[in-house]
1. Among the residues that make up the range B:250-260, is at least one of them basic (Lys, Arg) and farther than 18 Å from B:SER61 by Cβ?
2. Please determine, by comparing only the residues of the range B:361-394 that are more than 8 Å from chain A (Cβ to nearest Cβ) and assigned to a loop (DSSP other than H, G, I, E, B), which one is modelled with the lowest pLDDT.
3. Considering only residues of the range A:412-436 that are of a type in the set (D, E, K, R) and farther than 20 Å from A:CYS494 by Cβ, which is farthest from the other protein chains (Cβ to nearest Cβ)?
4. Hey, could you check the range A:473-485 for residues that are assigned to a helix (DSSP H, G or I) and facing another protein chain (nearest Cβ under 9 Å) and say which is farthest from the chain's Cα centre (by Cα)?
5. Would you tally the residues in the range B:457-472 being surrounded by fewer than 24 Cβ atoms within 10 Å (Cβ to Cβ) and within 9 Å of chain A (Cβ to nearest Cβ)?
6. Would you mind stating whether A:GLU416 is surrounded by fewer than 22 Cβ atoms within 10 Å (Cβ to Cβ), out of contact with any Lys or Arg (no Cβ under 6 Å at 6 or more places or on another chain) and among the charged types (D, E, K, R)?
7. Which one of these does A:GLY354 not meet: (1) within 12 Å of chain B (Cβ to nearest Cβ); (2) out of contact with any Lys or Arg (no Cβ under 7 Å at 6 or more places or on another chain)?
8. If you check every pair at least six apart or on different chains, which have Cβ atoms under 7 Å apart with a residue in the range B:559-574 that is within 8 Å of chain A (Cβ to nearest Cβ) first and a residue that is among the β-branched types (Val, Ile, Thr) and in a loop (DSSP other than H, G, I, E, B) second?
Protein chains: 2
Amino acid sequence: MIQQKHTYDDYGTDYPYSRKVYITGSRPDIRVPMREIRLTDTKKADGSIEENPAILVYDTSGPMTDPSFTLDLEKGLPRLRENWIEERSDTEVIDARGYQPGDDGQGQDEARIPFRGTGQARRATPGANVSQMHYARQGVITLEMEYIAIRENMGRQEAFKAVYMKSEHDVGLLTQAQTAGMRHPNHQHPGQSWGANIPDHITPEFVRKEVAEGRAIIPANINHPEAEPMIIGRNFLVKINGNIGNSAVSSSIGEEVEKVQWATLWGADTIMDLSTGENIHDTREWNLRNCPVPVGTVPIYQALQKVGDSPEDLTWELFRDTLIEQAEQGVDYFTIHAGVRLRYVPMTAQRVCGIVSRGGSIMAKWCVSHHKESFLYDHFEDICEICKQYDVSLSLGDGMRPGAIADANDEAQLGELETLGELTKIAWKHDVQVMIEGPGHVPMQGIKDNMDWELDSCFEAPFYTLGPLTTDIAPGYDHITSGIGAANIGWYGCAMLCYVTPKEHLGLPDKEDVKAGVITYKIAAHAADLAKGFPGAQMRDNALSKSRFEFRWEDQFNLALDPVTARAYHDATLPTEDAKTAHFCSMCGPKFCSMRISEDVRQYAAAQGLSEEDALEKGMQEKSREFAGQELYT
Amino acid sequence: MIQQKHTYDDYGTDYPYSRKVYITGSRPDIRVPMREIRLTDTKKADGSIEENPAILVYDTSGPMTDPSFTLDLEKGLPRLRENWIEERSDTEVIDARGYQPGDDGQGQDEARIPFRGTGQARRATPGANVSQMHYARQGVITLEMEYIAIRENMGRQEAFKAVYMKSEHDVGLLTQAQTAGMRHPNHQHPGQSWGANIPDHITPEFVRKEVAEGRAIIPANINHPEAEPMIIGRNFLVKINGNIGNSAVSSSIGEEVEKVQWATLWGADTIMDLSTGENIHDTREWNLRNCPVPVGTVPIYQALQKVGDSPEDLTWELFRDTLIEQAEQGVDYFTIHAGVRLRYVPMTAQRVCGIVSRGGSIMAKWCVSHHKESFLYDHFEDICEICKQYDVSLSLGDGMRPGAIADANDEAQLGELETLGELTKIAWKHDVQVMIEGPGHVPMQGIKDNMDWELDSCFEAPFYTLGPLTTDIAPGYDHITSGIGAANIGWYGCAMLCYVTPKEHLGLPDKEDVKAGVITYKIAAHAADLAKGFPGAQMRDNALSKSRFEFRWEDQFNLALDPVTARAYHDATLPTEDAKTAHFCSMCGPKFCSMRISEDVRQYAAAQGLSEEDALEKGMQEKSREFAGQELYT
């Protein structure tokens, strides 16, 4: 089947032998994309051929990987949800606020690189609330919710039948198998979900209920119809966020848009544009128009730029105007550090690393300069009023998050978390969607506490953490120090993991760093899905391991999170095409392969009367008793 | 202080500003090496200077990094323990078995590259038992045990006084502070050790007791006196192993010795020589003579080579002879797959990945070919007889370890673990030191079970695991998939973590892969030490974070596990010398640094009457109440 490898090339050399497929929902414009990885056949020892069904995987790469689509950065992506939003008849098209002098910072107006837009934006009609939470609470299942249900199921009902059942058995068998703890490739280990409530099959109604009750959010600004609907909540697949954004030292618009597409190609579920450098307004516009996943920002960064980088000059009016500017552009979630209250600021004075959140430090500076309560806290209801007109979700920032192991779980952090719970209730009063940001740097034994405090203080609103980093001593490897923490907190119930790249603490990540961060966090999120027992999560592991055992090298590469690197590492010692079908690798060499030996063992066992069906029906234990030798020492 | 950076260069460019120091024990030849990282001073806001005491870290690099030592590979390292062993007067020098035709495999005798040795080896006098466990059980505290006690304490009693107390306070204050959960840089978070018993201060007597009771081992073959004593046990620092070794496809002796030194430079606590290619005898000899840490092997690999790679031709006599060959060379621990019993073999027939342990698959093949119980199992007492004559520790191999998530925790694996417990008791009857090898591929929710089963089945003998990998879907990144599992199992009580490199499943690791594997596992082991609450483990984190907050960039790099990479990443965007003292990095740029802002906040808080002493004495809570604003929403 190798000869066919270039026929399946929607994803180019990044994901060879993959193609884009769509599962259509209740109407033709609900087309949920997935990446189908085609596998080669197994040649069995008896000469027969076993077909290996293709594997479907969650796909965040957007239309760029659809061969029928031609990317034009100046036009942006198709406006997938535009009709859905129009059909709801609760919005109106208005003249957009657009760019106004000073938006990029003082003296920056001349350097603009504007995106060619319509000059218009969409907003809720007066008095309307267009948040997905509002619809959910009215009992409405939106098209976004149906889309998400299909997406989260990843076509696994069909896949189970194809890969596992090979018969008409009901897919409910999976759960039986899980319960029995059986070990056939068909099966998955029972999870430990720490109280999460993950159904066998995700229905649109389940999505609605989770959103209505605040346990999940659908970040979906009506001005970002390009984004493919997705959900963040602990009863769904664990998501990851990739940060991009220029700084005053480095990076251009072109580079940033390229990073957005690169990050979503490798699996970023959302993107945060954390730009603090030149062209902050236009960079965001280009990013949004070309981004197939929700985009978050920290609006205080731009607000600060507008006042010449002097936190004390910030005002509510200027901040409010910045929120409207960004909401009209289509930002899907705002990080708002409204939990940084004046009273918490002095609690950080004795920390090893003080306040490391940029937004947190800005607000702390404002609070102490004016010796007043934060305007974000004071005007929180006003912020909610803006959010519900555009369906901007709130990501309540952890301005007091620890930036060192020493500072983890201290009074400042926990005090702020209590305040975030208070603010969650207020947002929910407005049917505004909320998630809660979390640390940071936390030693492993403190991670579960963080998750439990969050669930408790914030009423199960989704948790969204940065790492956490489990040690401070490895700058240059903080994707790993934090990947460990991320896998753990994802397992414990964290809904979205904000990636950390190898350049954390050291510099601005480049393209390779972005990829390293995304892949590391895909590992963490998937390890968490497996540990929670998310139905079907183990299918890809099983398929990859089966291909490994059968020396189907190409399939092993193609099923990997990063086929390019897997192939390159293999080829570093065995570059020839022959080696791709060889029954060994360079780790052990041709004479010494345990995989090959154990195939011999399998044949021997079969010859002893252990046919596959036999083993499955009678159970292994009984059979192995027949083989039991004499006990020597018992 | 930057100008002094080249005065402290014992470790060259790999660890700038570090030097080798020794802590001397009860006699002058007990000199325990540590790496001292010198730090620059802090320039405080008021213009005063605060000295930052140097940090001592565990050092596995051996004499190569001592400037008074000149490395000569042909001579090998100094024979540190030779006198200690002689003084015990329970050994004799014998003519070594040495190389015998066929040792490297059939037809390989001509290609030798012999190390110039004495032709002699050391062995216990008839009837004597020279294992550290034997001495421990006689109540003898060996010089090795004293050395280890000093090494595990890492000079932290002194360091605490210097870094933290700045006074004559008793070091016992640390424990008080831990209990109080205070957050000053002086302190460390309380650990969750899952039943481990880690004392505040490790005494030689504690080392003896742990070895006597089998909870820890000191791999220390009397024929490898070059190795610096170290201990593996869950009440000590978590250790890591690095695998090296050529295969039939790749690598030469020179490369392998270079990898040994490279791996120990970056922190490998033991090395396993897993060679299966040419010059297997000589490669091991060169490695041992130049290796400052204990060396383990899997003797069945060489035995198989001697019989032309046909497992069925293996015999006990040939294997026994191989053990003696390697024991006389100085191998410190043998992986023996004596738990692979005939009855377990058919249990693997339905696995996704069958048997992935090379040793396991060889023995399985032998068992099924002869339809007989394994000769390793049948002759286990004979193996113990050999081990106690040289003090070779046993690492009981997990030949049935799962090679895929699907195969984790199955009957074959758990059956073998029970047998390993049985064998542990037999080894202990002979006062032979034992550790237990573990998986492999295990989803996160199954890791603690593995640890608990091991402690229970094997009577708290130290656990030594490969990873475990927490998902199968990321070939090319298996240092990370497994680093997550390793950190977790280290936390739960695993004593040594066998590294996995990025090339796992794909090819033979090169030098950069070895380094990536070692650094990733140093992260996992340290994260585990922090989580267990190992006394003093947090000192390095605290020092690094303090340097980060104070923009002492050079100190931040030098305190990192890998200063070279940290510096290179920083310099990728800000290469000038100025940037090393700048109060910003390229992540945020000069105008927008949260660290700088929070220094302003700190000064503000201080101006409000929150002096450091004040804060520490009266507690933060009271003070922050003074700052509390009005509650708006409660």
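The values are calculated or read from the model by the stated rules, or taken from the named source; none is laboratory data. No experiment lies behind these values; they were computed from the predicted model shown. Cβ atoms come from the backbone with ideal geometry, glycine included; neighbour counts cover every protein chain shown.
1. The answer is no; no qualifying residue exists.
2. Taking the candidates together, the pick is B:HIS371.
3. A:ASP431
4. Restricting to residues being assigned to a helix (DSSP H, G or I) and facing another protein chain (nearest Cβ under 9 Å), the top hit is A:THR481.
5. 0
6. no
7. (2)
8. Within 7 Å, the pairs are B:LEU559/A:ILE473; B:ALA560/A:ILE473; B:LEU561/A:ILE473; B:THR573/A:VAL249.
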